[in-house]
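Before any comments, here is the structure.
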Amino acid sequence: MAQKKNVLPGFNLSLGYTILYLSLIVLIPLSAAFIRASSLSLDEFWHIVTAPRVMASYRLTFGASLIGALINAFFGLLTAWVLVRYSFPGKKIIDAFVDLPFALPTAVAGIALTAIYSQNGWIGSFLEPHGIKVAFTPLGVVIALTFIGLPFVVRTVQPVLEDLETETEEAAASLGAGRLTTFSRIIFPSIWPALITGFALSFARAIGEYGSVIFIAGNMPMVSEITPLIIITKLEQYDYAGATAVAVVMLLISFFLLLLINGLQWFTNRRNQEFR
Amino acid sequence: MANTSPSQMTLYRAKVARNRATSEPAWIKYSLISLALLFLSLFLFVPLVAVFTEALRKGLDTYVTALSDPDAFSAIKLTLVAALISVPLNLVFGIAASWAIAKFEFKGKNILITLIDLPFAVSPVVAGLIYVLIFGLQGWFGSWLSDHNIKVIFAIPGIVLATVFVTFPFVARELIPLMQAQGKEEEEAGLVLGASGWQILWRITLPNVKWGLLYGVILTNARAMGEFGAVSVVSGHIRGMTNTMPLHVEILYNEYNYAAAFAVASLLAFLALVTLALKSFVEWQSARVPTQIEDIS
Amino acid sequence: MSIEIRNIQKSFGNFQALSNINLDVPTGELVALLGPSGCGKTSLLRIIAGLESPDVGTILFHGDDATHRDVRERQVGFVFQHYALFRHMTVFENVAFGLRVRPKSTRPTEGEIHRRVRELLDLVQLDWLSDRYPPQLSGGQRQRIALARALAVEPKVLLLDEPFGALDAKVRKDLRRWLRRLHDELHITSVFVTHDQEEALEVADRIVVMNHGKIEQIGTPQEVYDHPSTPFVYQFLGNVNLFHSRVESGKAFIGNLPLEVDAKDESNNSTAFAYVRPHDIDIQKESNIQSAFEAKVIYIHSLGPLVRLELQREDQSDIIESELTRERFLQLDLSIGSKVYVQPKNIRVFLNETA
């Protein structure tokens, strides 16, 4: 890493410390997973990560994360819109509360959601007579993943909506566009990159989530068992190789999503700068 | 200062300008607000209220007993220890990283920023697992550690490590964009005036980013105290020894001791509320600073 | 303290910011680095300050090699373009900063610091603002505080980067005069960067005109204005009329007017560029031997003591500018559409240069 001449002191110290700390805490430990997995033959690895129970967990994890992220994309956009465009009593408090899923420990969220959606819980007891079971089913997983991903879309879309100039909307109105046309043709095109980014962040967070899910999921193999739980189960059976193999699959997916999100954010920033 | 500041004027104008041409009919507006509020109450308020009602369901006595249990007390202590170690470590890292990234140009900077984000992308369970692979009995240093009678996994060091990992990026992520936006002119001015590197850092750079710094610390602390997945993998769940508050909640819950579980959970929920309040305060403070411009001519 | 700059070169990636810069700044002089944006003037200033280091070349302070001297030991005062005031410190603390960060052994006592800061705030006439924070100041006030802060460490050299760039026109003029007076009082060797020729002409003892990383001309304001040594300086300093011509048998022409050129054989048929300031374009009602061409008055702008005319050449499509004294204008009795004969003086011809 070569540096252009700069008179401010501390470059070597700060960059050196950054790289050292990053390596010790993050890079070396992460590489341990890959090195450990490489002791497996490709066949063994493939066998472990495609076992029926593991495949079922992928389906649940990705399916529920996708549904949760979609719900968040819709309601997150709605929430951001309402918070930016309208005023109503208690708006500031609501705005602050959007971050609750970031602040509330996941285990607490898990047991709280379970209590609400179980048969005799506040909401569960309403749904039960209609034959809808939430707690201890895949539906419960969706609920938990929706909760923990809720702030992402709101917090990525909100600033973009705030920066939108009313003038363009006024121009559209003056040219005879109705409100719906203005939204779909003028407003939506400017916020969709942020919306996709928020969706991707929410999805990525949901895939790795553990704490809030295990309480409400019921954790039935093949039905309501998420991939992180598979890792834990294998670890508890001292199947380190198996746990590591599944972890490597999850890591690769996380890396891919991280790159995708960074690319999206880069794209969004560049677009916004161009528009300025 | 005159009774209407320029910024108030623009706000006022913006409100007036948002006339019928650029707003929705009232019925749409109120339906949208209601729908959003319904969603938020269902997903945010109901769970939060549930924590406190469940905690107090069996009365205040049970609540107090649950919290004064020695195991609960040691869980609280361990949670505080984990936070007290990981917050300063990641704070120092965040300052070093943002100094290097925001004040200097070097190749590979974008890669470095992406790598700093990595812990956010990794599942907490995987975060716990990688430390087991290194320090666990079958891990790289497993036999060396057990020969020297040092326990990392299923002990406090492992819990701290896992906590440091999951809270790794928070401070850096807050500071990097902030320091990049502020440029380096003030630091250069300090340099020309004869200040040393540390003097520049202490007297110029850090005071300028203090709210961002505090914001990062608040987020780090909240996550450190609430982390479950990563800590769960490395903890071993030894009551009174290696249980953090969230893990203690799980144990009580799995023992069907719901009232006690929710009692401990209510402490964590309270902590979350404090976090949100502090966060809002910091946001308000940092937004306030630039608006004191030009009250004289 | 004098500054000598020897063969300085600096590039950023593929961009040659400075090439082969040589410059002497004698003790006590106020020098302007003048040029368009991107000409390298700010890079040069930052190199003098020690905020950048040159790729090649040396800098001597008072005869001593200071090329590798740390910024902190150069004893320079630097006023940044956007002032770079410490926004979380009061005006007082901003000015006191340079004294407070000194090592204990050389740090003045608290009383001494107070006395010194008061003195400087008096000097910039802003002592009544000492408890304010920078965001509460106007642009001109910030500028003067930045100057006071730079002076607090008793620099041997004062460097200012576009000191008036961010101010509005009125404040700019006042501050310009004020800086000139301050310099006359303090006699500290000063270098300032500007892209505003008027500013440089009014304030500086000497002007260094720069373009594309090179020095085009060094001289007093009078010299660079009256005797520009390159086409660039002609165009950059003040208004100028440009006439294109071909060189034929050692002569270039403006209309019918032959001009002697310092022509060698090979310069025959090359292009010549003749520069004439608007106030050197005289106008006659009648043709004479000095007349270059016939023209028509198409625009008269008469405000103040000078009257500015736009003239359409009759022999081609160019429009040229002329400035007459009001007296001369009245004497000629001109109006729009008048036919006149143009008589350029003080013509400077350059051969085959890309202007």
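The values are calculated or read from the model by the stated rules, or taken from the named source; none is laboratory data. All values derive from a computational prediction rather than experimental measurement. Every residue, glycine among them, receives a Cβ derived from its backbone with ideal geometry; neighbour counts consider all protein chains shown. To get the accessible areas, we keep the full protein, side chains included, count just its heavy atoms, and leave off ligands, DNA and RNA. Shrake-Rupley method; radii C 1.70, N 1.55, O 1.52, S 1.80 Å.
Once C and B are treated as a pair rather than alone, how much accessible area drops out, both sides summed, in Å² to 100, probe 1.4 Å? Could you put the intermediate results ahead of the total?
On the way: alone 17480 and 18870 Å², together 33880 Å².
Buried area (both sides, nearest 100 Å²): 2500 Å².
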With the charge dipole of chain C built from beta-carbon charges (+1 for Lys and Arg, -1 for Asp and Glu) about the Cα centre, the Cα from C:LEU242, C:PHE86, C:GLY13 projecting farthest to the positive end belongs to C:PHE86
Give me the percent of DSSP beta bridges within the protein assembly as shown that run antiparallel, rounded to the nearest 5. 75 percent
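Which value, in debye to the nearest 20, gives the size of the charge dipole of chain B about its Cα centre, when Lys and Arg are +1 and Asp and Glu are -1 at the Cβ?
On the way: 20 positive and 19 negative charges, 123 e Å.
Magnitude of the dipole: close to 600 debye.
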Quick check: the distance between the Cα centres of the stretch A:167-190 and the stretch B:179-246, to the nearest angstrom? 43 Å
With a 1.4 Å probe on protein heavy atoms only, work out how much accessible surface A and B bury together, total over both chains, in Å² to the nearest 100. 8400 Å²
For chain B, what are the DSSP H helices with axial Cα length of 27 Å or more and mean Kyte-Doolittle hydropathy of at least -1.0? B:70-103, B:258-288
Listed residues A:GLN158, A:ALA243, A:LEU77: farthest to the positive end of the dipole of the stretch A:41-275 (Cβ charges): A:LEU77
Which residues, if any, in the stretch A:87-136 have at least 50 Å² less accessible area in the whole protein complex than in the isolated chain, probe 1.4 Å? A:ILE94, A:PHE97, A:LEU100, A:ALA103, A:PRO105, A:VAL108, A:ILE111, A:TRP122
What size of dipole, in debye to the nearest 20, comes out for chain C about its Cα centre when the only charges are +1 on Lys and Arg C-beta atoms and -1 on Asp and Glu C-beta atoms? 1300 debye
Mind checking the per residue accessible area of the protein assembly as shown for me, 1.4 Å probe, whole number of Å²? 45 Å²
Rounded, prolate or oblate (a/c below 1.5 giving rounded, otherwise prolate when a/b exceeds b/c) for the stretch B:42-184 by Cα gyration tensor: oblate
How high is the relative contact order of chain A, given as a whole-number percent (alpha carbon pairs under 8 Å, six or more residues apart)? 28 percent
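What Kirkwood hydrodynamic radius do you get for the stretch A:145-276 when you take the inverse of the mean 1/r over all pairs of distinct Cα atoms, in Å? Intermediate results must be reported in sequence, preceding the final value.
Numbers: mean 1/r = 0.0567 Å⁻¹.
Over the stretch A:145-276, the inverse of the mean reciprocal pair distance is 17.6 Å.
Suppose R0 equals 22 Å. What FRET efficiency, 1/(1 + (r/R0)^6) with r the Cβ-Cβ distance, do B:SER143 and A:ILE28 give to the nearest 0.05?
Working: r = 18 Å, r/R0 = 0.84.
Taking R0 as 22 Å, the efficiency between B:SER143 and A:ILE28 is 0.75.
What does the average come to when, for each residue of peptide C:230-239, you count the partner chain Cβ atoms lying within 10 Å of its Cβ? Intermediate values should be presented prior to the final figure.
Numbers: counts 0, 0, 0, 0, 0, 0, 0, 0, 0, 0.
For peptide C:230-239, the averaged partner shielding equals 0.
Which of the trypsin sites (Lys or Arg not before Pro) across the stretch C:70-168 are loop residues per DSSP, with 11 or fewer other Cβ within 10 Å?
Values: sites: C:ARG72, C:ARG74, C:ARG87, C:ARG100, C:LYS104, C:ARG115, C:ARG116, C:ARG118, C:ARG132, C:ARG142, C:ARG144, C:ARG149, C:LYS156; in loops: C:ARG74, C:ARG87, C:LYS104, C:ARG132, C:LYS156.
In loop regions of the stretch C:70-168 (DSSP not H, G, I, E or B), the sparsely surrounded trypsin sites (Lys or Arg not before Pro) are C:LYS104.
Counting other C-beta atoms within 10 Å, and keeping those with at most 15, which DSSP coil chymotrypsin sites (Phe, Trp or Tyr not before Pro) do you find in the stretch B:200-297?
On the way: sites: B:TRP202, B:TRP211, B:TYR215, B:PHE228, B:TYR253, B:TYR256, B:TYR258, B:PHE262, B:PHE270, B:PHE281, B:TRP284; in loops: B:PHE228, B:TYR256.
Here the sparse-neighbourhood loop sites are B:TYR256.
Okay, helix-only estimate at 222 nm for the protein assembly as shown: each DSSP H run of n ≥ 4 adds -39500 (n - 2.57), divide by all residues, round to 500 deg cm²/dmol; what do you get? Working shown, then result.
Details: 40 runs with 509 residues, N = 928.
Calculated at 222 nm, the ellipticity per residue is -17500 deg cm²/dmol.
So, with a 1.4 angstrom probe, what is the percent of accessible area on the protein assembly as shown that is carbon and sulfur?
Values: 24640 of 41770 Å².
It is 59 percent, rounded to a whole number.
From the square roots a ≥ b ≥ c of the eigenvalues of the alpha-carbon gyration tensor of chain A, which class results: rounded (a/c under 1.5), prolate (a/b over b/c), or oblate? Write out the running numbers ahead of the final one.
On the way: a/c = 2.11, a/b = 1.17, b/c = 1.80.
Taking the square roots of the gyration eigenvalues as a ≥ b ≥ c, chain A is oblate.
With the cut-off at 1.5 for a/c, could you classify the stretch C:199-306 from its C-alpha gyration tensor as rounded, prolate or oblate? Can you show the working numbers first?
Details: a/c = 2.57, a/b = 1.16, b/c = 2.21.
Oblate is the answer for the stretch C:199-306, as a/c is 1.5 or above yet b/c matches or exceeds a/b.
Under the definition of Cα pairs under 8 Å and six or more residues apart, what whole-number percent is the relative contact order of chain C?
16 percent
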For the pair A:LEU13 and A:SER41, how long in nm is the line joining their label points, each one 7 Å along Cα→Cβ? 5.5 nm
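For the protein assembly as shown, what is the charge dipole size about the Cα centre, in debye to the nearest 20, if Lys and Arg each add +1 at the Cβ and Asp and Glu each add -1 at the Cβ?
Numbers: 79 positive and 84 negative charges, 395 e Å.
Dipole magnitude for the protein assembly as shown comes out near 1900 debye.
Rounded to the nearest 100 Å², what's the accessible area chains C and A bury against each other, both chains counted, probe 1.4 Å?
Details: alone 17480 and 16560 Å², together 33650 Å².
Chains C and A together bury roughly 400 Å² of accessible area.
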Result row for chain A, helices from DSSP H with C-alpha axial extent 15 Å or more and mean Kyte hydropathy at least 0.5, is A:11-22, A:52-85, A:106-117, A:138-163, A:188-208, A:240-275
Across all Cα atoms of chain C, Rg and the largest Cα-Cα distance (Dmax), in Å, are 25.1, 80
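Name the longest site-free stretch of chain B, where the excluded sites are trypsin sites (Lys or Arg not before Pro) in a DSSP loop with no more than 16 other beta-carbon atoms within 10 Å.
On the way: sites that count: B:ARG18, B:ARG57, B:LYS58, B:LYS107, B:LYS151, B:ARG239.
The longest uninterrupted stretch comes out as B:152-238.
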Just report the Cα centroid separation between the stretch A:13-92 and the stretch A:115-131, whole Å. 30 Å
Candidate cut points under GluC sites (Glu not before Pro) in the stretch A:108-170, DSSP loop plus at most 12 other Cβ atoms within 10 Å of their own Cβ, are A:GLU165
